[in-house]
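Just below is one structure, and these are the notes that go with it.
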């Protein structure tokens, strides 16, 4: 029975420029050549695919990862490196929409990442400094206070911050207050994903780069065709997220691949480093146009948020972001910027990650809405257990549903953001 047949002939692409790629040597890229038989195949070599492959290999299951470019080529290796807990909506809404386990699972996800890094000894500049949700105005702060009270009732450890506390933590008086999450942290995401790839390989998984799947056919088992070989597998996980194509019918139309941009300074002088998130915390602002930042292990300020909705690179990738950071901390302008890059994250219409079953023995998991580092790490073992033993997942399995007018997403995103700029609803 022919389920999918999508021809895609492009070869693997050069690794995108970023601070991470330019300061961490790339391992050798090995492409599939010939035919391979495994129990389970994973399509996509980001955190989700590699975390799942690692868990499968540690169970003794034969598996492979088929990555069109190289591990971490997409959002997994280009993101802001924030290890945050929870989902977008308050726990009470998440519980109504997805069930109680989705709440506990998502808030424990950073701890799962911390434990994995420690167990495997992954060198990824991990720091458990905690994280802040920052409110730009009193109305946003009132919303955070309601959220903080709900967290307290559920015994989720958080601490409310007033304006003075946020000014001391972030080094700027820009915030009306905030909420501190002690389980949050940060990583160098590219070092992390490459560490996962090495660990999965050491456990027995076959990890292939420059191996796009050009056709996927289920006829009893799965036959995955690539430019230079074929994989036969009993089951498949499709883990392509913001770079999903037409391989799984309808998947691309169910996601909004929105670009997020990051700029990085040269290493900060000690005086600034001591002012801005000195405990290596991470911070993101509430609101439509989320701005997020951290200071990395090398003392650089990494500042992310809205930028061009098309590929961009270099320190001039997002002048709006550099101007905003320089307004928050005037001394940053003298330090200067030497890196900038962007990439696609997968948004969903309901702002939840989605799990789908395809052709009975295939799974899809996508749509992490900018919260994927911890969540995809924690989901890997659970997806492995689902594939091997049919165990329940912490997220519901749902049909693929197309986002209305999805082909017009770049124009729609630009229009919404321009409207909010015009009306002063977000900076």
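The values are calculated or read from the model by the stated rules, or taken from the named source; none is laboratory data. Note that the coordinates shown come from a computational prediction; the quantities given were computed from them, not determined experimentally. In this analysis, Cβ positions are derived from the backbone assuming ideal geometry, glycine residues included, and neighbour counts consider all displayed protein chains.
Remarks
- Residue list for segment 281-306, restricted to those being surrounded by 19 or more Cβ atoms within 10 Å (Cβ to Cβ), touching a residue at least 60 places away in the same chain (Cβ under 8 Å) and either at positive phi or out of contact with any helix residue (DSSP H, G or I) (no Cβ under 9 Å at 6 or more places or on another chain) (or both): 282, 284, 292, 294
- Residue in segment 307-329 that is farthest from residue 370 (Cα to Cα), counting only those that are in contact (Cβ under 8 Å) with a residue 24 or more places away in the chain and touching a helix residue (DSSP H, G or I) at 6+ places or on another chain (Cβ under 6 Å): 325
- Checklist (1) within 21 Å of the chain's Cα centre (by Cα); (2) in a loop (DSSP other than H, G, I, E, B); (3) at pLDDT 95 or above applied to residue 156, failing item: (1)
- Selected residue (only one of 344, 320 is in contact with a strand residue (DSSP E or B) (Cβ under 9 Å, 6 or more places away or on another chain), modelled with pLDDT under 95, surrounded by fewer than 18 Cβ atoms within 10 Å (Cβ to Cβ) and not in a loop (DSSP other than H, G, I, E, B)): 320
- Selection status of residue 227, touching a helix residue (DSSP H, G or I) at 6+ places or on another chain (Cβ under 8 Å) and surrounded by fewer than 23 Cβ atoms within 10 Å (Cβ to Cβ): no
- Residue check for residue 397: surrounded by fewer than 20 Cβ atoms within 10 Å (Cβ to Cβ), in contact with a strand residue (DSSP E or B) (Cβ under 7 Å, 6 or more places away or on another chain) and either at pLDDT below 95 or within 23 Å of residue 115 (Cα to Cα) (or both): no
- Matching residues, segment 55-89, being within 15 Å of residue 378 (Cα to Cα) and touching a strand residue (DSSP E or B) at 6+ places or on another chain (Cβ under 7 Å): 56, 82, 83, 84, 85
- Identification of strands (runs of 3 or more DSSP E) wholly contained in segment 164-251 with 1 or more residues that are closer than 26 Å to residue 129 by Cβ and within 24 Å of the chain's Cα centre (by Cα) yields 177-181.
- Test: residue in segment 52-72 that is farther than 17 Å from residue 236 by Cβ, in contact with a helix residue (DSSP H, G or I) (Cβ under 8 Å, 6 or more places away or on another chain), assigned to a helix (DSSP H, G or I) and without any contact (Cβ under 8 Å) to a residue 12 or more places away in the chain: no
- Any hit, segment 357-371, residues being within 17 Å of the chain's Cα centre (by Cα), farther than 27 Å from residue 176 by Cβ and outside any strand (DSSP E or B): yes
- Unique residue being closer than 30 Å to residue 52 by Cα, modelled with pLDDT of 90 or more and in contact with a strand residue (DSSP E or B) (Cβ under 6 Å, 6 or more places away or on another chain) when the list is 384, 374, 389, 378: 374
- Consider segment 120-152 and keep the residues that are over 30 Å from residue 200 (Cβ atoms) and touching a helix residue (DSSP H, G or I) at 6+ places or on another chain (Cβ under 9 Å). The one that is surrounded by the fewest Cβ atoms within 10 Å (Cβ to Cβ) is 150.
- On inspection, residue 332 does not qualify as free of Cβ contacts under 8 Å to residues at least 60 places away in the same chain and in contact with a helix residue (DSSP H, G or I) (Cβ under 8 Å, 6 or more places away or on another chain).
- Residue match in segment 264-280 (condition: surrounded by fewer than 20 Cβ atoms within 10 Å (Cβ to Cβ), at pLDDT below 95, in contact with a helix residue (DSSP H, G or I) (Cβ under 8 Å, 6 or more places away or on another chain) and part of a loop (DSSP other than H, G, I, E, B)): no
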